[in-house]
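Heads up: the structure comes next, in structure tokens.
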């Protein structure tokens, strides 16, 4: 079946502009995550959605970052007034949530954001 | 707070030999899950193997196995018969036992397989 789809795959933007990144999870996956990965670094948790529950926004680095998800479908991550430090790969993942302890995260191929 | 530590930034292994990638974790909860992911240079994150804290046996998936030592809080990934295609970053991750849908990732180990 189809995996997690992210678009665009690459985005170059000027400092100060807003960008919107999109993630289409695997059908039936109620949990959706956004992570940031700077060059050569590990994964930094940004935000997590679970069904219609309030999202866990504890990883968002500043109020310039926001994300939305409608139900169990597509999510968008918006970065306002981009800064050069926002340059990174933004990874989206989805999983079967709930009490299934061994459900792994399924990742998209990421959006590589470059802020010039 | 939960924590995952991968102490090997980079590793080399000769093709066809076995290699162990280290991962230690820190949690005070007896129930948790551990995952390993592979990230090739193309960037996608590929799930490899899972170990539950109550699993009686070490997890195995093809050439991947986990050396799970609960008392030492370590979950090392063993790759047998290394192949050139195994060259990649490898990340260890733990599911948060208190927030079941939250994962913590280590900083990763870059594995290079030499021909």
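Read the figures in this text as sums done on the coordinates, not as results from a lab. Computed from a prediction, not measured in an experiment: that's the story for all the values here. Note that each Cβ is placed from the backbone with ideal geometry, even for glycine, and that neighbours are counted across all protein chains shown.
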Residue order, fewest to most beta carbons within 10 Å, for A:18, A:24: A:18, A:24
Cβ-Cβ FRET estimate between residue B:112 and residue B:3, R0 fixed at 30 Å, reported to 0.05: 0.70
Residue A:102 versus residue B:11: modelled label distance in nm, points set 7 Å from Cα along the beta carbon direction: 2.3
Chain A: mean projected area of Cα convex hull, nm²: 7.1
Rg/Rh ratio calculated on Cα atoms of the stretch A:60-116 (Kirkwood radius): 1.04
Translational diffusion coefficient (Stokes-Einstein; Kirkwood radius from C-alpha pairs) of the protein assembly as shown at 37 °C, 0.692 mPa s, in µm²/s: 180
Which of B:73, B:3 has the fewest Cβ neighbours within 10 Å, and the rest in rising order: B:3, B:73
Residue among B:31, B:82, B:41 with the largest mean-square fluctuation in a Gaussian network model of chain B, springs linking Cα atoms under 10 Å: B:41
Beta bridge orientation in chain B: antiparallel %, DSSP, nearest 5: 85
GNM top mover of A:68, A:85, A:44 - chain A, alpha-carbon springs below 10 Å: A:85
Exposure proxy ranking, count of Cβ atoms within 10 Å, fewest first, for B:12, B:35, A:49: B:12, B:35, A:49
Cβ-derived FRET efficiency at R0 45 Å, residue B:71 paired with residue B:42, nearest 0.05: 0.75
Cα centroid separation, the stretch A:1-72 to the stretch B:37-91 (Å): 25
